[in-house]
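Novice: This is the structure I have questions about; it appears just below.
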Amino acid sequence: MRFLYMPLALCMLARLGNAQVVTDSVSAPAPGLSRTTDEKPKKSLFAPSDKPSFIPVPIAFYQQETGFAAGAAILPVWRFGTDTTVRKSNARLIAWYSQEKQSTIQLTHTIFTPGEKFFFTGELSRYDQKLFYYGVGNDNSKDNESDLAYTLIIFDQKAMKRVAPNLFAGVRYRFTNTTDIEPQGNADNGASNYFTRDPRLKDRERQDTRISGVGPAVLFDGRDNVLATYRGSFVDAHMLFNGDGIGSDYKFTRYQVDARHFRPLFGSNNTILALNYLGSFHSGTVPFRELGGLGANLGGALYNNAGLMRGLYETRFRDRQMMTFQAEIRQKLFWRIDGAVFAGAGQVGYKLSDYAFDQTRYAGGAGLRFRFNRRDRLNIRLDYAGGTDTAPSIYFAVGEAF
């Protein structure tokens, strides 16, 4: 999806990003009064400097599918307890409504409990919007571009226990419900809407679809900071078994691995190299909404909140087997402003044996970062990128792409 968000003012954002909850966990007695010996001070969940802020940030944007839209984001960051070796938790609540009566409400979270004994991450979202549909496969045509509206509800949660330093194991559950599927208008070439005649789709996929899956998950997270990493590695692997026994309309299995590595260049944190590989592989009968997609910027928890191949339109290429690799160099510039250049390559196919070197899809671009919260390294990013069969566009998001 092409975004152009316009925060009201960078200076205002800077003040909001530095805002802290200043209420002490132990209040002072009123003048002339003293505490009784029975009164015990209240123990805070957070260190005084690590309390979350819930101040909303206004956002506004325009895009072809929605027209003008406006909303707000709430971006709390906190650490449980006073142990500074515990990495900070965060949440993102973003909501907007457009003049075309489309809307999004997305809540994502990443939580480390005290001592990092447990790790929770997930998403609860509702999307009511319109996207372009190009068809299934690695060689679909831009001439088939068609409007497709639907409502999507997502609940995705991983619960994991630490089994070794930086290593967690647990279970993942994911539920999606796609309703009100409505092809709108004709294809870009004037033919009928391609969603209604794509030979890779079965009639059942054009109806409301509920997917429910559960399976094991393993995570190694050695990043120094989960919001804007300077150094460390991250590997997330999981399997999801979807079937009618747990309320799914389709029976299929997803195998997915997400690997990332970060390192400073030139001996300082001013220049960071970030690398990301993601593979999503499926067996069984997979509906179009659950296929792996290149150009996924609305993946949410499915792709650990990563943006896959910025520059490609949302799920521009989708199929059962998907692999993508992307690299980014992040450079400190001045004040709260950083810059980045990035590039990605990937491919989708019905089978891995369908892959061919000359069928690789590419994307890349450059952008700016505004350090909304310097203490916690929470960035707001604005990127300009293009890719295979996709005109360059402006992309906005909260946090780094991966």
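The values are calculated or read from the model by the stated rules, or taken from the named source; none is laboratory data. What you are looking at is a predicted structure, and each value in this text was computed from that prediction instead of being measured. All Cβ positions, even for glycine, are placed from backbone atoms using ideal geometry, and neighbour counts span all protein chains on display. Accessible surface areas use protein heavy atoms only, side chains included; no ligands, DNA or RNA. Shrake-Rupley method; radii C 1.70, N 1.55, O 1.52, S 1.80 Å.
Novice: Considering every residue within the range 212-223, establish whether at least one is within 28 Å of the chain's Cα centre (by Cα) and either more than 30 Å from residue 236 (Cα to Cα) or not in a strand (DSSP E or B) (or both).
Specialist: Within the range 212-223, the subset within 28 Å of the chain's Cα centre (by Cα) is 212-223.
Still in the running and either more than 30 Å from residue 236 (Cα to Cα) or not in a strand (DSSP E or B) (or both): 222-223.
Yes, that holds for at least one residue.
Novice: Given (1) modelled with pLDDT of 95 or more; (2) out of contact with any Pro (no Cβ under 9 Å at 6 or more places or on another chain), where does residue 224 come up short, assuming only one miss?
Specialist: All conditions pass for residue 224, except number (1).
Novice: Report the residue count in the range 298-331 for those that are open to solvent by less than 10 Å² (accessible area, probe 1.4 Å), part of a loop (DSSP other than H, G, I, E, B), out of contact with any Asp or Glu (no Cβ under 9 Å at 6 or more places or on another chain) and more than 20 Å from residue 104 (Cα to Cα).
Specialist: 1
Novice: Please determine, by comparing only the residues of the range 109-143 that are assigned to a helix (DSSP H, G or I) and without any contact (Cβ under 8 Å) to a residue 60 or more places away in the chain, which one is least open to solvent (accessible area, probe 1.4 Å). So that I can check it myself, show each step before the final result.
Specialist: Here is the first cut: in the range 109-143, the residues assigned to a helix (DSSP H, G or I) are 114-116, 142-143.
With without any contact (Cβ under 8 Å) to a residue 60 or more places away in the chain added as a condition, the list becomes 114-116, 143.
Details: 114: 76, 115: 32, 116: 14, 143: 83 Å².
Checked the range 109-143; the qualifying residue least open to solvent (accessible area, probe 1.4 Å) is 116.
Novice: Quick one: which of 74, 105 is at pLDDT 90 or above and open to solvent by 70 Å² or more (accessible area, probe 1.4 Å)?
Specialist: Details: 74 fails: open to solvent by 70 Å² or more (accessible area, probe 1.4 Å).
That would be 105, the only listed residue that is at pLDDT 90 or above and open to solvent by 70 Å² or more (accessible area, probe 1.4 Å).
Novice: Moving on to the next point. Please work out if residue 363 is modelled with pLDDT of 95 or more, buried (at least 20 other Cβ atoms within 10 Å of the Cβ) and either on the phi < 0 side of the Ramachandran plot or in a loop (DSSP other than H, G, I, E, B) (or both). Walk me through it before giving the result.
Specialist: On the way: modelled with pLDDT of 95 or more: yes; buried (at least 20 other Cβ atoms within 10 Å of the Cβ): yes; either on the phi < 0 side of the Ramachandran plot or in a loop (DSSP other than H, G, I, E, B) (or both): yes.
Considered against the rule, which asks whether it is modelled with pLDDT of 95 or more, buried (at least 20 other Cβ atoms within 10 Å of the Cβ) and either on the phi < 0 side of the Ramachandran plot or in a loop (DSSP other than H, G, I, E, B) (or both), residue 363 comes out as yes.
Novice: In the range 183-211, what residues are open to solvent by 30 Å² or more (accessible area, probe 1.4 Å) and either small (Gly, Ala, Ser) or within 25 Å of the chain's Cα centre (by Cα) (or both)?
Specialist: The answer is 185, 190, 191, 192, 208, 210.
Novice: Can you give me the number of residues within the range 273-291 that are open to solvent by less than 40 Å² (accessible area, probe 1.4 Å) and closer than 24 Å to residue 92 by Cα?
Specialist: Total satisfying the criteria: 4.
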